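Visitor: Here it is, the structure, as structure tokens.
The values are calculated or read from the model by the stated rules, or taken from the named source; none is laboratory data. Fair warning: this is a prediction, and the values are worked out from it, not measured in the lab. Here the Cβ positions follow ideal geometry from the backbone for every residue, glycine too, while neighbour counts run over all protein chains shown.
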Amino acid sequence: MAINLAHKLIESHLATGKLKAGEPIELIIDQTLAQDATGTMVMLEFEALGIPQVKTQISAQYVDHNLIQADYKNADDHLFLRSACRKYGIWYSRPGNGVSHPVHMSCFGIPGKTLLGSDSHTCAAGSMGMLAMGAGGLQVALAMAGRPFSITMPQVVGVELTGALPPWVSAKDIILEMLRRYNVKGGINKIFEYYGPGLKKLTAMDRHVIANMGQEMGATASVFPADDAVRLFLKQQQREEDFVEFHADPGANYDQHETIDLSTLEPMIACPSSPGKVVPVHEVAGKPVYQSYIGSSANPGLRDFVIPAKMVAGRMLSEGVSLDINPTSRQLLEDLSTNGALNELLQAGARLHQTGCNGCIGMGQAPASGRISLRTVPRNFPGRSGTEEDAVYLCSPETATASALCGKITDPREMDMEYPSWREPDQLADMRPTLLAPQDIPVKVKLEKGPNIKPLPQFKALENKIVGPVLLKAGDNVSTDEILPAGVEILPLRSNIPEISHYAFSRIDKQFYQRAKALNGNCFVVGGENYGQGSSREHAAIAPRYLGVCCVIAISMARIHRRNLINFGIVPLLFKRIEDYQSIVQDKVLRIENLAQQLHRSSTVTAHLEDGSGELEVQHNMSSEEVATVIAGGLINQVRNKI
Ligand code: MIC
């Protein structure tokens, strides 16, 4: 039988289970990555597991999110991470080296390997024939300890690309077109596998753009074959010896089929405030622009900076627009400065920021109130830029630059210039010397825990009778940015759960923390479809749990967040009937008796409305192992109990 690439990758790493969509499987993980905003938890969790050294082929820790050192907090975190890398045998990428996903690809990506990362955009490495997935930090810590990673076996959607992109249309427009078709939850429990003649002209970094934002559709992963484009990429990194050809068998089977004729695509844009609100650029053209943002893990390639540089060469940006350049990595910055593109950008009036994730996650660069920001980043959830009621649009570097030149949203095809030509260089600046390699012989290292590093909170086992109010009722597609926001004020608290919990649900209800504290007991949170979409930050589970949330009841849930809830002892429940979601109101008190028995016995859980007005039947889709985790009060307790 002709086997698709996703199945080949899964089969070669299968620890338990069968390749049957919907069934639980466990996968052996070859490589892990962490970034600093989630990495401090990963290291604390790894410490709690009591394992002396990582057991993976490669584990790497990047510092790319918490870069602004407004006080000691982020700096404390950096030192802690460096010491943890020394202690546990992990590569350390210091601040200034750049965004984890492209740097990992450049330094460590190998076709055919599995990669698990404590960042939802880890899936970007699917661009080079890897099975790469995002997960909560605890899952990554366990993978570092050599434990397999469990997921629900996804369906595989074969996306055939035909034709070639027209001028002014680039990889970002392909993934925006996918988002237009699938929206933010059409990819749940799916792997998107791209194939076909249209791949020929897409470089490994173009594919990274597409694989990265597969996460925005809720997909488990996206995969591309390891072909000549990947060989060239590895050659550019002086690692051609790591190339392994890897692709689907001819005529491979897929669970679902999708086709995109690239020649028919046009510049696309995602409107505020969801990556799924995609329209052609010309539909929103003419709106005044305040900021155009180039960079992030969603458009990290050299061409994503050089094309804008060529577009602005010899011109001046519109006077009212800030063109913010966020270099991906030290490598890219070096290449931009040697090939002259950096000067073109600066001379046109662009603004240079340090290498890293920066404004993508609200770490600076917040737009002015009521003004439009055009960004090449992967997400535009409400308020994520740091400005309340922001108006962030997601688009290609071409659209962002054309709009910065014209001062208004502009379809780049309208520019009075030829589409700049671009050829990948044979070699790029070498990144690896700036990474700190793990020592061959482990040395005794003390973890450097400055005052910003607080111990992990301990949670009790699940109570068998839960009585509490619905403390919050939320709508559809609530992202983790709304459950536990990021940004310059909150991100530095990632290593301090008591402090960060003050911000739980603050984007939805500014009084949530006070109300939870006043209650000082168990409570429920209710959500609509796709609850917890977006990031992998486990703080969006830990902080609510710390405040007494013991169950979330939603219509459906995003993969990573659902698992994070389980990992920290919050029961993920699902409405059986939409009407029940519609009729339940905030403050309604629920009572669940014999919860553990109910979870073990069947998929149905009965809750009683405490005012005597009846019963609410909900369901769960946890495996027996997941039920055991949640009953233990989370994965750390469960692992400890086993030891
Ligand atoms: C994001 O893009 O939302 C982040 C910040 O990279 C997160 C991780 C985090 O919250 O630290 C992600 O994508 O997982």
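Visitor: I'd like to verify a number: residues in segment 1-54 that are basic (Lys, Arg) and either touching a Pro at 6+ places or on another chain (Cβ under 9 Å) or under 26 Å from residue 102 (Cβ atoms) (or both), how many?
Guide: Residues in segment 1-54 being basic (Lys, Arg) and either touching a Pro at 6+ places or on another chain (Cβ under 9 Å) or under 26 Å from residue 102 (Cβ atoms) (or both): 1 in total.
Visitor: Out of curiosity, is residue 371 within 18 Å of residue 299 (Cβ to Cβ), of a type in the set (Lys, Arg) and either in contact with a Pro (Cβ under 7 Å, 6 or more places away or on another chain) or surrounded by fewer than 20 Cβ atoms within 10 Å (Cβ to Cβ) (or both)?
Guide: No: the conditions fail for residue 371.
Visitor: Looking at segment 250-266, is at least one residue under 16 Å from residue 410 (Cα atoms) and either at pLDDT 95 or above or over 23 Å from the mean Cα position of the chain (by Cα) (or both)?
Guide: Among the residues of segment 250-266, at least one is under 16 Å from residue 410 (Cα atoms) and either at pLDDT 95 or above or over 23 Å from the mean Cα position of the chain (by Cα) (or both), which makes the answer yes.
Visitor: Strands (runs of 3 or more DSSP E) wholly in segment 1-116 with at least 2 residues that are under 23 Å from residue 639 (Cβ atoms) - which ones?
Guide: In segment 1-116, the matching strands (runs of 3 or more DSSP E) lie at 14-16, 24-27, 31-35, 58-62.
Visitor: Quick one: which residue in 613, 583, 623 is surrounded by fewer than 18 Cβ atoms within 10 Å (Cβ to Cβ) and within 21 Å of residue 461 (Cβ to Cβ)?
Guide: Just a single option satisfies the conditions, and that option is 623.
Visitor: Identify, please: which residue in segment 36-93 is of a type in the set (D, E, K, R) and under 19 Å from residue 432 (Cβ atoms) and is, among those, farthest from the ligand (Cβ to nearest atom)?
Guide: Per the stated criteria, the residue is 86.
Visitor: Take segment 207-246 and flag every residue that is small (Gly, Ala, Ser) and either more than 16 Å from the ligand (Cβ to nearest atom) or under 12 Å from residue 132 (Cβ atoms) (or both).
Guide: If the condition is that a residue be small (Gly, Ala, Ser) and either more than 16 Å from the ligand (Cβ to nearest atom) or under 12 Å from residue 132 (Cβ atoms) (or both), then 211, 214, 219, 221, 222, 226, 229 are the ones that fit.
Visitor: Which of the residues spanning segment 44-77 are of a type in the set (A, V, I, L, M, F, W, C), out of contact with any strand residue (DSSP E or B) (no Cβ under 8 Å at 6 or more places or on another chain) and modelled with pLDDT of 95 or more?
Guide: Matches in segment 44-77: 44, 46, 67, 68, 70, 75.
A quick yes/no check of all residues on (1) farther than 16 Å from residue 565 by Cα; (2) hydrophobic (A, V, I, L, M, F, W, C); (3) under 31 Å from the mean Cα position of the chain (by Cα); (4) in a strand (DSSP E or B):
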| site | (1), (2), (3), (4) |
| --- | --- |
| 608 | yes, no, no, yes |
| 616 | yes, yes, no, yes |
| 622 | no, yes, yes, no |
| 630 | no, yes, yes, no |
| 640 | yes, no, yes, no |
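Visitor: What are the residues in segment 336-363 that are charged (D, E, K, R) and either within 16 Å of the ligand (Cβ to nearest atom) or under 28 Å from residue 74 (Cα atoms) (or both), if any?
Guide: Result: 351, single match.
Visitor: Within segment 164-182, does at least one residue satisfy the condition of being away from the ligand (no atom under 16 Å from the Cβ) and assigned to a strand (DSSP E or B)?
Guide: No.
Visitor: To continue, here is another question. Just name the residue that is surrounded by the most Cβ atoms within 10 Å (Cβ to Cβ) out of those in segment 134-146 that are within 13 Å of the ligand (Cβ to nearest atom) and farther than 17 Å from residue 480 by Cα.
Guide: 140
Visitor: Name the pairs: first residue in segment 50-61 and among the charged types (D, E, K, R), second residue surrounded by fewer than 16 Cβ atoms within 10 Å (Cβ to Cβ) and part of a loop (DSSP other than H, G, I, E, B), Cβ to Cβ under 6 Å, at least 6 apart or on different chains?
Guide: 55/146
Visitor: In the set 69, 35, 57, which member is touching an Asp or Glu at 6+ places or on another chain (Cβ under 7 Å), polar (S, T, N, Q) and surrounded by fewer than 19 Cβ atoms within 10 Å (Cβ to Cβ)?
Guide: Selected residue: 57, the only one of 69, 35, 57 that is touching an Asp or Glu at 6+ places or on another chain (Cβ under 7 Å), polar (S, T, N, Q) and surrounded by fewer than 19 Cβ atoms within 10 Å (Cβ to Cβ).
Visitor: In segment 431-456, what count of residues is obtained for those that are under 27 Å from residue 235 (Cα atoms) and surrounded by 15 or more Cβ atoms within 10 Å (Cβ to Cβ)?
Guide: 6
Visitor: Mind checking which residues of segment 456-488 are part of a helix (DSSP H, G or I), in contact with a helix residue (DSSP H, G or I) (Cβ under 8 Å, 6 or more places away or on another chain) and not small (Gly, Ala, Ser)?
Guide: Scanning segment 456-488 gives 480, 483.
Visitor: Can you pull out the residues in segment 508-546 that are part of a loop (DSSP other than H, G, I, E, B) and either away from the ligand (no atom under 16 Å from the Cβ) or at pLDDT below 95 (or both)?
Guide: 508, 509, 510, 511, 520, 521, 522, 527, 528, 529, listed by residue number.
Visitor: Consider only pairs whose beta carbons are under 8 Å apart and that are at least six residues apart or on different chains; among these, list those whose first residue lies in segment 340-354 and is at pLDDT 95 or above and whose second residue is acidic (Asp, Glu).
Guide: Qualifying pairs under 8 Å: 350/324; 351/324; 353/324.
Visitor: What pairs come out if I take residues in segment 533-562 that are farther than 18 Å from residue 574 by Cα and pair them with residues that are of a type in the set (Lys, Arg) whose C-beta lies under 8 Å away, six or more apart or interchain?
Guide: 534/379; 537/494; 539/494; 547/517
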